[in-house]
Amino acid sequence: MKFYDRSRSLCEWERVEEWREKMRVSLAAQESNKVSPFHLLSIPGVSAAEQRLCADLWLKDRIDASALERADLAFSYTNNNRPKIRLGYLSSDFHEHATAFLLAELFEAHDREQFEVYAYSYGPDDGLGMRQRLCEFFDSFVDLQALSLSEAAQAIHHDNIDILIDLKGYTRGTRTEILSYRPAPIQVNYLGYPGTLGGDFCDYIITDPYLTPAASAADYSEAFAYLPDSYQPHGRHAEIGKPTKRAQHGLDEHGFVFCCFNQAYKITPDVFDIWCRLLYSVPGSVLWLLKNSKAKGRLRNEAYQRGIAPDRLIFADDLPQVEHLGRLALADLVLDTQPYNAHTTASDALWVGVPIVTCVGDTFASRVAGSLLHAIGLPELIAADLEGYYDLALELATNPARLSEVRQKLADNRLSTPLFDIKAYTRHLEALYKTMWQRHVAGDLPIAIGQTEPRL
């Protein structure tokens, strides 16, 4: 799989179909520990059912190998008499990372009269300030880096955590396997991984009715814990850097700027075909991408092969988040990827006032941008298929009045719709936590909770 990972990060697409079929053969043969669930998220044509099967198989050997150790630990729980529910957030991303940017204001907004909030970190402190900011929000910040999986589980269990919330899933640097030791009576899959964890060690997945309709429940090992709007938090105090000029970023002051700051591995040949069609159909336009030194030449070559001058692809350097948000506002329209949508990059664009066009799919990862657009009152920017995605993007790029109308609606909705209302979001999330705890105390099994229909 390391060869697949490398080829996707380089945008080497010749073997995409071959890799997909190899993965399917492996899944059909029930081969454990062969295919990373994370890799399936960005492969076109892979279903949510296949993603669940992959997740079920991924940790099977490791869980089997730790069975005796877990049996020896045999964690048990007592229904606490504390006045507060004790939450534990588990991640390696308590530093300058997209997950931390999304969650910082949520941690700050937690009701400390009803909840105690612990952090369990197994990632580095990058020294850039976010770790220090986050530490101020938690009742306890515990560093697990030096501990083994079982030692980390014991530390969590020793703290009598009521609800353990995993923020990593199967993303890079994960130690989600800690959950297989069952250190807490309730365990939750939230935000960091857009799909099921499989197995039987996670009780709920935080979601919303658009992301995972009730009919898709069989594709997830967890019960759905529904938030009424979008599953993704985003605060109202994310600082936007000072305005800059397009010329400072290699952009023409007057040409139309299509933009996608998603990671290169999310770009697929079908989507890139459409991007090049848009560049061809909109004279003077450019495509603004996140700089990737490994993929830059490859993407420009792919554009050339599609009849597009390579210099119409402009690559943006990495910048601190505040400065990045400042320059992002220079774009005219964000183009989403499919089947692995923009996540934080989508809400960032909406926060700075730039519309995003997306194409909806059937998996969690392919419905995230649609979830955000519903929450901010712009469902008209969701296309049902790739041809509709092209038509919608082309209309916005060639009809200034229509684009202006959409941008004005976004500006009007920005602070009047639920997407960036972090206080209301936190109350809804806490209501789910309280329901989970009440069901546990009553001895009830996890079932779908929350508002199961989209709020109008």
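Restricting the stretch 66-149 to GluC sites (Glu not before Pro) that sit in a DSSP loop and have at most 13 other Cβ atoms within 10 Å of their own Cβ leaves Glu113, Glu136. Spin-label pair Asn81-Arg427: with each label point 7 Å from Cα along the Cα-Cβ axis, the two points sit 3.2 nm from one another. Extension gain, Val322 to Asp270, is 15.5 nm, computed as 0.36 nm per intervening residue step minus the present C-alpha separation.
Between the alpha-carbon centers of the stretch 293-360 and the stretch 361-431, tell me the distance in whole angstrom. Here the answer is 17 Å between Cα centres.
Extension gain, Asp139 to Arg62: 0.36 nm times the residue separation minus the Cα-Cα distance gives 24.5 nm.
Once both labels are positioned 7 Å from their Cα atoms along Cα-to-Cβ, the gap between Gln154 and Ser26 label points is 3.4 nm.
Computed about its Cα centre, the charge dipole of the chain is approximately 640 debye, with only Lys, Arg, Asp and Glu carrying charge at their Cβ.
For the chain, what % of the accessible area comes from carbon and sulfur atoms, probe 1.4 Å? All intermediate terms of the calculation are to be shown ahead of the outcome.
Details: 9600 of 18830 Å².
C and S atoms contribute 51 percent here.
Shown is the FRET efficiency for Arg298 and His237, computed with R0 = 45 Å from the Cβ-Cβ distance and rounded to the nearest 0.05: 0.70.
Surface exposure of the stretch 13-81, expressed per residue as accessible area with a 1.4 Å probe, stands at 55 Å².
Simple spin-label estimate for Arg172 and Ala384 gives 3.8 nm between the two label positions (7 Å along the Cα-to-Cβ direction from each Cα). The 3J(HN,Hα) values that the Karplus relation (6.51, -1.76, 1.60; θ = phi - 60°) gives for the stretch 218-227 are, in residue order, 5, 8, 10, 7, 8, 6, 6, 10, 8, 8 Hz. Gly and Pro appear as x.
The helix-only estimate of mean residue ellipticity at 222 nm for the chain, built from DSSP H runs of length n ≥ 4 each weighted as -39500 (n - 2.57), is -11000 deg cm²/dmol after division by the residue total.
Rounded to the nearest 0.05, what FRET efficiency do Ala146 and Glu253 give with R0 = 60 Å and r taken as the Cβ-Cβ distance? Could you check? The formula returns an efficiency of 0.70 here. Magnitude of the charge dipole for the stretch 179-313, about its Cα centre and with charges confined to Cβ atoms of Lys, Arg (+1) and Asp, Glu (-1), is about 840 debye.
Return the FRET efficiency for the residue pair Gln132, Asp362: r is the Cβ-Cβ distance, R0 is 41 Å, and the value is rounded to the nearest 0.05.
Details: r = 41 Å, r/R0 = 1.00.
For R0 = 41 Å, the calculated efficiency reads 0.50.
Partner lysines whose Cα lies under 18 Å from the Cα of Lys84, excluding those fewer than 8 positions away in the same chain, are identified as Lys434. Cross-link check: pairs Lys266/Lys296; Lys34/Lys60; Lys291/Lys409; Lys266/Lys294 evaluated at a Cα-Cα cut-off of 19 Å; pairs beyond the cut-off: Lys291/Lys409. Across the chain, the relative contact order, built from alpha-carbon pairs under 8 Å that are at least six residues apart, equals 17 percent.
The values are calculated or read from the model by the stated rules, or taken from the named source; none is laboratory data. Keep in mind it's a predicted model, so treat the numbers as computed, not measured. Positions of Cβ are backbone-derived with ideal geometry, glycine not excepted, and every protein chain shown enters the neighbour counts. Quick note on the areas: whole protein, heavy atoms, side chains included, nothing else; ligands and nucleic acids left out. Shrake-Rupley method; radii C 1.70, N 1.55, O 1.52, S 1.80 Å.
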